[in-house]
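Reviewing the structure listed below.
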Amino acid sequence: MKSEIDHLESKIHWGMVVDLDRCTGCEACVVACRAENNVPTAGEDQAARGRAIHWLRVERYWEGEFPEARVRFRPVLCQQCEAAPCEPVCPTFASYHNPEGLNAQVYNRCIGTRYCANACPYTVRFFNFYNPVWDKPLHLQLNPDVSVREVGVMEKCTFCVQRIKAAEIQAKAEKRELKDGEFNPACVQTCPPKALIFGNLNDPESEVSKLARSNRATVLLGELNTRPNVTYLERGSWSGEEGGPASAG
Amino acid sequence: MNKDAVYGLYPNPESAQRAVDALEEAGVPERDIVIVSAEPFEDYPFGRRDHRTLMPWIAVLAGVLAGLMGFLFVAFTQRAYPLPTGGMPIVSPWPDGVITYELIMLGAILATLITLVVTARSPEGTSHIYATEVAQGKILVGAAKVRAENSAKIEAALRNAGAFSVVGSKPGA
Amino acid sequence: MEWRGGWSGERWVIPMASLDQDTLNRVDDDLLRPLMATSRRYFVASSLVGLIVLTAVAVFGYQVWRGIGVLGINRPVFWAFYITNFVFWIGISHAGTLISAILRLANATWRRPVTRCAEAITVFALSIGAMFPIIHLGRPWLFFWLVPYPSQRTIWPNFRSPLLWDFFAISSYLTGSVTFLLLPIIPDWAVVRERAHGWRKRLYRVLSLGWRGTPRQWNRLETAMHIMAVVIIPVAVSVHTIVSWDFAMAPVPMWHSTIFGPYFVAGAIFSGIAGLILAMALLRKCLHLEEYLRPLHFDNLGKLLLMMSLLWFYFIVAERLTTWYGNESSEMAVFWATQRGAFAPLFWIMVLCNFGIPFPLLAIKKLRTITGTVIASSTIVVGMWIERFLIIVPSLARKYLPYAFGSYRPTWVEITVTAGTFAAMGLLYLLFVKFVPIISIWELKVGLRATLPARAAWRQKAAPWSQCRDLRGRPNAGEAVLAANLMAKEPRE
């Protein structure tokens, strides 16, 4: 939809590609995300009640029946949708679309209606049910570039916006354009099989935009027309039929 | 000194109507005739006095104005600090329409309330004429600003119409 | 035989029977009794509900102090009991103003003893319901950020959010229904002013706003009430439609539905009438209003309730059948969870409460008594609360990606606050009947006077009740019976 907001858009549009054919389900991305973004640990009891926070999760799905079963992994993080259902429902603009295509969350504006979390079809928005606590000495490893979130506030994957801003400021100071792959969010940086690729979708030469145009490309819950900026790459369907495209790789 | 007001108390609307007619016959101007009752009597001519009002049109006008102002307010604030959400236009007509609708209704409600409070006040010089017996179902009919030479005639007219009692209140009494 | 009174040229053709002083005094005495004296049972009852309300307030304080984690909500069920209460109470609020406005416009003469009691429910239920969007917030102390006002944050609220629509809709509705309730009370307070003594007299002198009762005042009041009745109906419809849009605007399975607006409005009127019948039955017993709130009123409201029960059933069939036939995978996950999964027991209890039990009770004339309608209303109130819960929770618990499925169980905090809302309703009502005649005295008298020709006719055995007409020739048998009972020791029909 062309709209009056076009003048706000920049030549940068951040996006990510998740190559499901490469993902081994090691969850290194999950750990990296938690360390980078000061994600609090909920504790055993609270996690059992569904209060654990993990901006990035690796979903496991089994195909077939034992002993013919095989497991497939799908890292799910905020899809940074262009037509994000979470954004218009927020009464205070805590959730809004920033000019670089990020689905931004402004913690200070959030009053905790949790409407965005209900509207999100991917269930990748997280709520602080209590004030976060880090048992000593874990508080020493908090990332000074990322604010911690108080009780009653929603949070979610930011594409490591602190790294984006740092790199942009650096590039501006050196009076140059950002280079493709100059920096990466923590999950992308950590991924051993390079299943995650991050970059500028508006640059047709960037690795991420080339991959996003690949014939393996698909989006999660595409039927909802949320127009995600995260693209999944996979060969064929997940139907799991023997000899089908899913097992061809 | 003139007698300020004369009034009679009536047991039923028929006698009250007779009293009103008698006052009119006696030459009391319509704005000086005072009627007070504990019920509305729409089915009698005296109960339909003063029933003309612009209140419905004021409510419509206020609704239109409030809706217009509401829409302008919403559209202006959206443009003043443009934040895109969900791929929607900055001034999104459908959601703004919902708010405009509610403000139309609020405008009509408030205008009705204010018009009622302002226009239900009694004309000057008549608002002190009251008797507590009205609360028990009597109907008060009287005349304000009665000159001394007329008072006897008016008192008689009120009494002939069937009043329980006729009272003349003196200034400062 | 012509029994219609009227002004013909110079004098009354037919001398009217007059409302005798005894009747007027008796109406005043009966309806003002609760305002003038207070029994010990009243103090016991109000302290009891007051205690529950205070407990609920304290528990909410605990929730703010400890953090919202003391509730049972989780990911993905971010809304549960509190939002259920919100929808439920806003629904109950449709009892009054909407029904009273419709009956006013339709000139249903039997409405007179019912309207004020219904309008009071609206104001109180709306106030209770409107608290929940605030107290369910993660940071409730910042609720005023929803209000559009120029602030140092230099940002306005997001008018695209259905929560903002809620804010505007509830503001309009609350303003309208408070006005609608208060305007016809003013003449009654003027009557109390003349009968009370001491501090009560001083209080009602202020409250009655200098009301005297001139034809001008009466006509303005009637016009204002007429405008309010016309305005309040579309407002009430829009309020519950917008409440439904809180859900329908989100792409959540079985929320994202065009049927939600009318479905919610129908459900709201349904539960509202049930709430009204319960309140009327309680008032009738506690304030000894047997002669005013008569079986006729319960019978008429029972018929309305029956119609709404059928309408509710129609909506649920329409919703379920289209979902089942469409067979869309994410919706079917929610569908089967409610039809035969974890939420099925609740679903079938709801169907029983909203249709299975009330339908025969209300459809069979013999069973549509005061007891019958009260039993039906009780199950409907329970059933409609469950209905709101089943709209909210199963959809959230089964939202698209199976990996993020969840469940929900309330904690004692949510249960206490929910109990507190019912106690708050009781407390507000108890306070209300202490300061306001629960039946509009002047409107009742107008109704009684309108039955005078009918009474005269009946006295002369000139016409059977069913043919009695009021002054304007409208059928008015119901009030004629009431008038006969109030005015004389004449035999009932």
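The values are calculated or read from the model by the stated rules, or taken from the named source; none is laboratory data. Just so we're clear, the structure is a prediction, and the values are computed from it rather than from any experiment. Positions of Cβ are backbone-derived with ideal geometry, glycine not excepted, and every protein chain shown enters the neighbour counts. For accessibility, only protein heavy atoms count, side chains too; no ligands or nucleic acids. Shrake-Rupley method; radii C 1.70, N 1.55, O 1.52, S 1.80 Å.
The residue of the range B:10-43 that is nearest to B:Val166 (Cα to Cα), among those that are at pLDDT below 85 and among the small types (Gly, Ala, Ser), is B:Ala26. Considering the range C:204-216, and only residues there that are touching a residue at least 12 places away in the same chain (Cβ under 8 Å) and not small (Gly, Ala, Ser), the residue that is nearest to the other protein chains (Cβ to nearest Cβ) turns out to be C:Arg212.
Applying the set (1) closer than 17 Å to B:Val74 by Cα; (2) more than 10 Å from chain A (Cβ to nearest Cβ); (3) open to solvent by 10 Å² or more (accessible area, probe 1.4 Å) to C:Ala169 leaves exactly one unmet item: (3). Count of the range C:230-258 residues, restricted to those that are surrounded by fewer than 20 Cβ atoms within 10 Å (Cβ to Cβ), more than 18 Å from C:Pro394 (Cα to Cα) and not hydroxyl-bearing (Ser, Thr, Tyr), is 4. Of everything in the range A:92-144 that is facing another protein chain (nearest Cβ under 9 Å) and part of a strand (DSSP E or B), the residue that is most open to solvent (accessible area, probe 1.4 Å) is A:Tyr96.
C:Thr379 passes every criterion in (1) assigned to a helix (DSSP H, G or I); (2) under 26 Å from C:Gly341 (Cβ atoms); (3) within 14 Å of chain A (Cβ to nearest Cβ) apart from (3).
Against the test of being assigned to a helix (DSSP H, G or I) and open to solvent by less than 10 Å² (accessible area, probe 1.4 Å), the options C:Val206, C:Val192 yield a single qualifying residue, C:Val192.
Put simply, of A:Ala83, A:Ala42, A:Ala35, A:Ala47 the only residue that is hydrophobic (A, V, I, L, M, F, W, C), open to solvent by 10 Å² or more (accessible area, probe 1.4 Å), over 30 Å from C:Tyr149 (Cα atoms) and in a loop (DSSP other than H, G, I, E, B) is A:Ala42. Among the residues making up the range C:1-50, those that are at pLDDT below 70, at the interface with chain B (Cβ under 9 Å from one of its Cβ atoms) and not in a loop (DSSP other than H, G, I, E, B) are C:Trp7, C:Arg11, C:Trp12. Please work out if A:Thr24 is open to solvent by 40 Å² or more (accessible area, probe 1.4 Å), closer than 30 Å to C:Val70 by Cα and under 21 Å from the mean Cα position of the chain (by Cα). Spelling it out, it is not the case that A:Thr24 is open to solvent by 40 Å² or more (accessible area, probe 1.4 Å), closer than 30 Å to C:Val70 by Cα and under 21 Å from the mean Cα position of the chain (by Cα).
For (1) surrounded by fewer than 17 Cβ atoms within 10 Å (Cβ to Cβ); (2) within 9 Å of chain C (Cβ to nearest Cβ), each residue gets a yes or a no:
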residue	(1), (2)
B:Leu116	no, yes
B:Gly125	yes, no
B:Ala131	no, no
B:Leu140	no, yes
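Among the residues making up the range A:217-235, those that are surrounded by fewer than 20 Cβ atoms within 10 Å (Cβ to Cβ) and in a strand (DSSP E or B) are A:Ala217, A:Thr218.
Any idea which of C:Trp442, C:Trp412, C:Trp465, C:Trp458 is among the aromatic types (Phe, Trp, Tyr), modelled with pLDDT of 95 or more and either open to solvent by 10 Å² or more (accessible area, probe 1.4 Å) or more than 30 Å from C:Val317 (Cβ to Cβ) (or both)? Spell out the reasoning first.
Values: C:Trp442 fails: modelled with pLDDT of 95 or more; C:Trp465 fails: modelled with pLDDT of 95 or more; C:Trp458 fails: modelled with pLDDT of 95 or more.
Result of the check over C:Trp442, C:Trp412, C:Trp465, C:Trp458: C:Trp412.
Of the helices (runs of 4 or more DSSP H) contained entirely in the range C:51-161, those carrying at least 3 residues that are within 30 Å of B:Met88 (Cβ to Cβ) and open to solvent by 10 Å² or more (accessible area, probe 1.4 Å) fall at C:115-135. None of A:Arg74, A:Arg163 is of a type outside the set (Asp, Glu), more than 9 Å from chain C (Cβ to nearest Cβ), outside any loop (DSSP other than H, G, I, E, B) and surrounded by fewer than 24 Cβ atoms within 10 Å (Cβ to Cβ) except A:Arg163.
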